[in-house]
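The values are calculated or read from the model by the stated rules, or taken from the named source; none is laboratory data. Given the structure is predicted, the values throughout are model-derived calculations rather than measurements. In this analysis, Cβ positions are derived from the backbone assuming ideal geometry, glycine residues included, and neighbour counts consider all displayed protein chains. The area values use the complete protein model at the heavy-atom level, side chains included, leaving out ligands, DNA and RNA. Shrake-Rupley method; radii C 1.70, N 1.55, O 1.52, S 1.80 Å.
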Amino acid sequence: QQQVKQSPQSLIVQKGGIPIINCAYENTAFDYFPWYQQFPGKGPALLIAIRPDVSEKKEGRFTISFNKSAKQFSLHIMDSQPGDSATYFCAASIGNTGNQFYFGTGTSLTVIP
Amino acid sequence: DVKVTQSSRYLVKRTGEKVFLECVQDMDHENMFWYRQDPGLGLRLIYFSYDVKMKEKGDIPEGYSVSREKKERFSLILESASTNQTSMYLCASSPMKGSNSPLHFGNGTRLTVT
């Protein structure tokens with residue numbers, strides 16, 4: 001059973017557009033929600049993360065929105081660039097279980113110049 | 001900067017062979033993980049380890065085993081490779097238990113079993 005559900009599977013936007021990737025979870029014990037970015041031929045790398053005590057976090061052009069009551073969180077990429085073309089994974093974990101992460105199925109983003 | 005190094009980028013093995021995937025991290029991290037990545041399925045945890053000589057099963061341990069004889073090294077073993085184990089394998093590490101620390105991934109080993 002998928003603990004974290006991610007959509008869409010793929011996304012194509014024009015340069016400057018704002019792609020949005022959504023994730024949903026059921027386990028209310030999750031207390032850490034990172035997003036990872038993966039370029040072809042590379043391992044995933046941490047992009048941005050949020051804890052459930054805040055509703056939004058921004059780092060540069062990347063924003064996480066978090067809705068605790070709906071058990072949903074999303075990644076927004078402002079002013080998207082062709083260099084943002086990558087696969088994005090959301091994840092969730094419970095801190096006291098020793099960093100066992102549950103990943104979404106990934107979203108392949110293509111930003112067209 | 002944390003470096004997680006996987007010894008092989010590509011491997012081609014035959015069905016029934018015993019396969020070793022090696023991973024080394026250079027930042028003295030306590031936790032190490034093995035994931036497999038398949039299209040449409042995301043990253044699935046095979047095994048993880050909190051300490052030397054210690055291991056825990058993840059979500060899909062069947063057909064795999066692991067070894068952690070030294071803190072910096074975590075090996076994934078396919079006892080008898082099968083075609084359904086053709087996949088991308090990712091090793092990761094993180095600093096300590098219970099701290100919500102991010103995972104640091106290697107660049108993966110793409111294994112093909114024929």
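Separation of the stretch A:26-69 from the stretch B:41-111 is 22 Å, based on Cα centroids. Here the Karplus curve 6.51 cos²θ - 1.76 cosθ + 1.60, taken at θ = phi - 60°, turns the phi angles of the stretch B:48-64 into couplings of 9, 9, 9, 6, 4, 6, 10, 8, 9, 6, x, 7, 9, x, 4, x, 10 Hz, with x standing for Gly and Pro. If I take all pairs of Cα atoms in the stretch B:4-113, what percentage of them are more than 24 Å from each other? Of all Cα-Cα distances in the stretch B:4-113, 16 percent exceed 24 Å. Spin-label model, B:Asn107 to A:Ile20: label points 7 Å out along the Cα-to-beta-carbon direction sit 3.7 nm apart. Stokes-Einstein, applied to the Kirkwood radius of the stretch B:1-47 over Cα pairs at a viscosity of 0.692 mPa s and 37 °C, places its translational diffusion at 253 µm² s⁻¹. Excluding same-chain neighbours fewer than eight residues apart, the lysines reachable from A:Lys58 by a Cα-Cα span under 30 Å are A:Lys5, A:Lys15, A:Lys42, A:Lys68, A:Lys71, B:Lys3, B:Lys97. Note that the stretch A:4-99 presents 46 Å² accessible area per residue, ligands and nucleic acids not counted, probe 1.4 Å.
For the pair A and B, the buried accessible area comes to roughly 1900 Å² in total, with a 1.4 Å probe and the value rounded to the nearest 100.
Heavy atoms only, probe 1.4 Å: what % of the accessible area of the stretch B:4-113 goes to carbon and sulfur, would you let me know? So the carbon and sulfur contribution to the accessible surface is 50 percent. Peptides B:17-28, A:47-58 ranked from most to least packed, by the mean per-residue count of other Cβ atoms within 10 Å: B:17-28, A:47-58.
Nonpolar atom fraction for the stretch A:4-99, defined as the carbon and sulfur part of the 1.4 Å probe accessible area, stands at 51 percent. Across the alpha-carbon atoms of the protein assembly as shown, the computed radius of gyration and Dmax are 17.5, 50 angstrom. Interface residues of the stretch B:10-52, defined as those with an accessible-area decrease of at least 40 Å² between the chain by itself and the complete set of protein chains (probe 1.4 Å), are B:Gln37, B:Gly40, B:Leu43.
Modelled spin-label separation between B:Ser67 and A:Gln2, with each label point placed 7 Å from Cα along the Cα-to-Cβ direction: 3.6 nm.
Roughly how many Å² is the accessible area per residue of chain B, as a whole number, for a 1.4 Å probe? Mind dumping the intermediate values first?
Working: 5470 Å² over 114 residues.
Solvent-accessible surface per residue comes out at 48 Å².
Between A:Ser69 and A:Ile12, what's the calculated FRET efficiency when r is the beta-carbon distance and R0 is 45 Å? Round to 0.05.
Result of the calculation: an efficiency of 0.90.
Residues of the stretch A:45-94 that bury at least 10 Å² of accessible area once all protein chains are present, compared with their chain alone (1.4 Å probe, heavy atoms only, ligands and nucleic acids left out), are A:Leu46, A:Arg51, A:Phe89.
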